[in-house]
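Have a look at the structure below, then the notes.
Coordinate-derived values only; no laboratory data. Keep in mind the model is a prediction, meaning the values are calculated, not measured. Every residue, glycine among them, receives a Cβ derived from its backbone with ideal geometry; neighbour counts consider all protein chains shown.
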Amino acid sequence: MTGPALRWGVLGATSYIATHLMPAIAATPGNVLSAVASRPGRSAEAADAGRPFGATARPDYASLIADPGVDAVYIALPNTDHVDWTVRALEAGKHVLVEKPMALEEEGCARIEDAARAASRTVMEAFMYRFHPQQVRAAELLASGEIGELRVVRAAFAFAIPSGSGNIRLEQKLGGGATFDVGCYAVDVPQFFFGQAPRQVSARFHSRPGEAVETSVTGTMDFGEGRGAVFDYSIDYGPRAWYELQGTRGTVTVRNAWAMSGEEGVVTVLTAEGTRTETVPAADHYQLQVAAFARAVRTGSTAPVTLADSRRAARVGAALAASAAAQGAPVPTADVTVPR
Ligand SMILES: NC(=O)c1ccc[n+]([C@@H]2O[C@H](COP(=O)([O-])OP(=O)(O)OC[C@H]3O[C@@H](n4cnc5c(N)ncnc54)[C@H](OP(=O)(O)O)[C@@H]3O)[C@@H](O)[C@H]2O)c1
């Protein structure tokens, strides 16, 4: 890396950020963690979270994004806050890495796109799993032709959140629900490997008694020409973090796609010739994501998770909800109403 380090500020002193993203920023060459901000009255929490990495606290989010000593902002606030704070940070001249979902509606992605263009700044949705070498290996295996042409993707992501835990994922007013928490990963995988949006989706939502948000979902996606995806995701049961690529000549299975915490990746290939299991050395996909984002900032190149990817994710999320509201009827993604 050449040039000065990219100076990061983080909005929200969450335990997830303190244990995953902050160490990843601090450990990635050419990146430093400079500042952490919490909501007003929580500066002590922000200071505690930033101290191990040499970062100092700011009294609120607005002070952090106005700070000339910050080049890039990482946003992991509740889902309903992603668009507004991303736009505000871009308008303040910062580059932004924003947690998934970038937006709950495609219109939010459009606002972000406009702000990024006007400010000439980089913005990317944090789909960290795409940077893990096991995903790269699965893509190589598919491209090698060993399993033939891709026909079906099966994906499942689940973990249980107890009722009454105060978790933002169970709060409707904060953009909670399984779809935009774990579902966005399970439905990204088929789109990533087919390299396109589905033509239509079908989904059934279930809410655990007492919860306002959907807690478990099953569904399918149609990619045309006989190609499809089957998925399920849940914040009610689990754990599960798995996907499978079914080709005309075999199958690639990734055993643990999203919940990596320092263990080796395991990729299994099944063909008529037999079964082969490959291990992929442990890697920190959060660090790899920070490095890829910083590279896009420095070179001015398109971020590897593109704004088109984020628009598609928001559109598919809306289509899943529309299908669930229609008792699982297929909903063409092109028909989802997008204000704008
Ligand atoms: N990529 C991944 O692996 C991954 C993993 C977990 C979460 N995420 C994403 O990160 C985001 C945050 O998730 P989390 O698990 O970190 O959530 P969390 O632990 O509840 O933290 C959310 C943070 O947002 C701030 N906040 C602002 N307004 C809030 C409000 N009304 N209620 C609660 N908190 C509020 C708080 O920080 P202050 O009080 O310090 O301001 C809080 O610590 C979500 O978008 C989620 O999808 C991604």
Checklist outcome for this item: Between I161 and residues 5 or more places away or on another chain, the pairs with built amide H atoms under 5 Å apart involve D236
Next on the checklist: Compute, for the chain, the length of the dipole vector about the Cα centre, with Cβ point charges of +1 (Lys, Arg) and -1 (Asp, Glu) only. Units Debye, rounded to 20.
Outcome noted: 320 debye
Item to check | Calculated Rg and Dmax of the stretch 6-126 using C-alpha coordinates, Å | outcome: 13.2, 38
Checklist entry - With each label point set 7 Å from Cα along the Cα-Cβ vector, what nm distance links A326 and T218? => result 2.1 nm
Next on the checklist: If you average the C-alpha positions of the stretch 4-40 and of the stretch 281-332 separately, how far apart do those two centres end up, in angstrom?
Outcome noted: 21 Å
Item to check | Vicinal HN-Hα couplings computed from phi for the stretch 67-74 (Karplus, 6.51 cos²θ - 1.76 cosθ + 1.60; Hz; Gly/Pro x) | outcome: 6, x, x, 10, 9, 9, 10, 9
Checklist entry - Convex hull over the alpha-carbon atoms of the chain: what's its volume per residue in Å³? => result 138 Å³
Next on the checklist: Skipping prolines and chain starts, which residues have an amide H placed within reach, meaning under 5 Å, of the one on R58, given they are 5 or more residues away or on another chain?
Outcome noted: V36, A37, S38
Checklist entry - How high is the relative contact order of the stretch 6-126, in percent, with contacts defined as C-alpha pairs under 8 Å that are six or more residues apart? => result 22 percent
Next on the checklist: Output wanted: per-residue J couplings in Hz (rounded whole) for the stretch 218-225, from phi through Karplus 6.51 cos²θ - 1.76 cosθ + 1.60, θ = phi - 60°, x for Gly and Pro.
Outcome noted: 10, x, 9, 10, 10, 9, x, 6
Checklist outcome for this item: Counting Lys and Arg as +1 and Asp and Glu as -1 over every other residue whose Cβ sits under 14 Å from the Cβ of P281, the net charge comes to -3
Checklist entry - Just how far, in whole angstrom, is the stretch 245-275 from the stretch 153-219 if you go by their alpha carbon centroids? => result 23 Å
Checklist entry - Toward the positive end of the charge dipole of the chain, about the Cα centre and with charges on Cβ (Lys, Arg +1; Asp, Glu -1), which of G41, A26, V70 goes farthest? => result V70
Checklist outcome for this item: Ranked by GNM mean-square fluctuation in the chain (Cα springs under 10 Å), the top entry among S216, S15, S34 is S15
Next on the checklist: At 0.36 nm per residue, and after removing the present C-alpha to C-alpha distance, how many nm does the segment from T56 to R276 gain when stretched out fully?
Outcome noted: 74.3 nm
Checklist entry - How large is the dipole of the stretch 1-158 about the Cα centre if only Lys and Arg carry +1 and Asp and Glu carry -1, each at its Cβ, rounded to the nearest 20 debye? => result 360 debye
Next on the checklist: From the phi angles alone, apply the Karplus equation (6.51, -1.76, 1.60; θ = phi - 60°) to the stretch 196-205 and give each ³J(HN,Hα) in whole Hz, x where the residue is Gly or Pro.
Outcome noted: 7, 7, x, 6, 8, 10, 9, 8, 10, 9
Item to check | Residue-count net charge about F157 - beta-carbon cut-off 11 Å; Lys, Arg +1, Asp, Glu -1 | outcome: -2
